[in-house]
Amino acid sequence: IEADCGGACACSTCHVYVDPAWTEKLTPMDDMEEDMLDFAFEPDPARSRLTCQIKVTDALDGLRVQMPEKQI
């Protein structure tokens, strides 16, 4: 997973689709991330997130994400 901006939420190269079983376990998306997803390839309002904005904790052990086809 690329993150050209280094985690500053200034690009959408780390865009992924979060497995539906995990979406409720993530912290809510803030306005900045939501705005940046407008520039992502085929964002899905229910599953799209920027990985640079996901705080990884033990509670997310096993988290599954899928990269958009264009980013592979």
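The values are calculated or read from the model by the stated rules, or taken from the named source; none is laboratory data. What you see is a predicted model, and the numbers here were worked out from it, not measured in a lab. Cβ sites come from the backbone with ideal geometry, for glycine too, and all protein chains shown count toward neighbours.
Taking the listed residues Glu33, Glu24, the one that is assigned to a helix (DSSP H, G or I), acidic (Asp, Glu) and surrounded by 11 or more Cβ atoms within 10 Å (Cβ to Cβ) is Glu33, with no other qualifying.
The C-beta contact set for the range 1-24 (first residue without any contact (Cβ under 8 Å) to a residue 24 or more places away in the chain, second residue part of a loop (DSSP other than H, G, I, E, B), distance under 8 angstrom, 6+ apart or interchain) comprises Asp4/Cys11; Asp4/Thr13.
Please find, among Lys70, Lys55, the residue that is charged (D, E, K, R), assigned to a loop (DSSP other than H, G, I, E, B) and at pLDDT below 95. Answer to the selection: Lys55.
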